[in-house]
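Please treat every number below as a calculation from the coordinates, not as lab data. From a predicted model like this one, the values you see are computed outputs, not experimental measurements. Cβ sites come from the backbone with ideal geometry, for glycine too, and all protein chains shown count toward neighbours.
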Amino acid sequence: MTVIGGIEEVRLVVGDRLVAQHPRHWGKEHTEFNPVHYLALLERKPGALDYAKPLENWKLPDCLTVLRRRQEVELEKHGTREFIKVLRLLEQVPLHQLADAVEYALSIGANSVDAVKLILQSRQEHPVRLFCLDGHPHLQGVHVPPPNLEAYGSLCVGA
């Protein structure tokens with residue numbers, strides 16, 4: 001691991017990968033925490049979620065608190081671990097996007113990390129644009145016959 005201390009920021013690099021980046025604080029004995037960096041550890045020790053110093057002043061949207069309570073009721077002792085998996089999605093998306101996905105998941109009664117992941121993925125997909133022949137006059141004369149769909153009738157039971 002390499003620590004690079006600049007005038008305005010401090011970066012932690014492992015190999016060629018940037019692992020962490022924090023604003024530089026010039027005061028003495030100051031500790032700066034980024035809660036997202038501790039989530040992987042919390043997944044192994046979920047009991048520390050309520051007591052971990054890096055998470056002490058972390059303000060999460062209300063929808064995440066609601067999701068956590070629902071998961072703890074439904075999954076009992078595994079609910080906290082499932083909630084931490086939802087929080088780990090913050091390693092990939094910003095908090096406002098995660099909160100929006102969680103709010104939608106709660107509104108449709110989906111309380112799992114997989115549901116939240118699917119919602120996030122669907123919101124990041126872009127619709128496919130239709131193929132346009134403008135600018136390709138040589139292709140406009142090509143005719144492709146429609147497929148014969150009668151073969152699919154043989155797949156039906158009793159056909």
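Using a Gaussian network model of the chain whose springs link C-alpha atoms within less than 10 Å, name the residue from L90, L130, L118 with the highest mean-square fluctuation.
L130
What is the dipole size for the chain, taken about its Cα centre, with +1 at each Lys and Arg Cβ and -1 at each Asp and Glu Cβ, in debye to the nearest 20? List each step's numbers first, then the result.
Details: 18 positive and 20 negative charges, 84 e Å.
Charge dipole, the chain, about its Cα centre: 400 debye, nearest 20.
Using a Gaussian network for the chain with springs between C-alpha atoms less than 10 Å apart, which of these wobbles most: A48, A105, A20?
Its mean-square fluctuation being the largest, the pick is A20.
Most exposed first by the Cβ proxy, i.e. fewest other Cβ within 10 Å, how do T80, T2, T65 rank?
T2, T65, T80
Springs between alpha-carbon pairs under 10 angstrom, Gaussian network model over the chain: which of G141, G47, G27 fluctuates most?
G141
Of (i) 1, 7, 11, 13, 12, 10, 8, 8, 6, 6, 5, 5, 4, 2, 1, 0, 0; (ii) 1, 7, 10, 11, 11, 12, 12, 12, 9, 6, 4, 2, 1, 0; (iii) 2, 10, 19, 21, 19, 13, 9, 4, 2, 1, 0, 0, which one was derived for P(r) over Cα pairs in 5 Å bins from 0, in percent from the structure shown?
(i)
May I ask for the net charge around I4, where only other residues with Cβ less than 15 Å from the Cβ of I4 are counted and Lys, Arg are +1 while Asp, Glu are -1? Write down the numbers at each step before the final one.
On the way: positive: R11, R17, R24; negative: E8, E9, D16.
Summing Lys and Arg as +1 and Asp and Glu as -1 gives 0.
Across 5 Å bins from 0, what is the distribution of all Cα-Cα pair distances for the stretch 33-124, in whole percents?
Reading the bins upward from 0: 2, 15, 27, 27, 19, 8, 1.
Where does each of V116, V128, V66 land when they are ranked from fewest to most other beta-carbon atoms within 10 angstrom? Don't skip to the end; give the middle numbers.
Working: V116 21, V128 6, V66 14.
Listing V116, V128, V66 from fewest to most nearby Cβ atoms yields V128, V66, V116.
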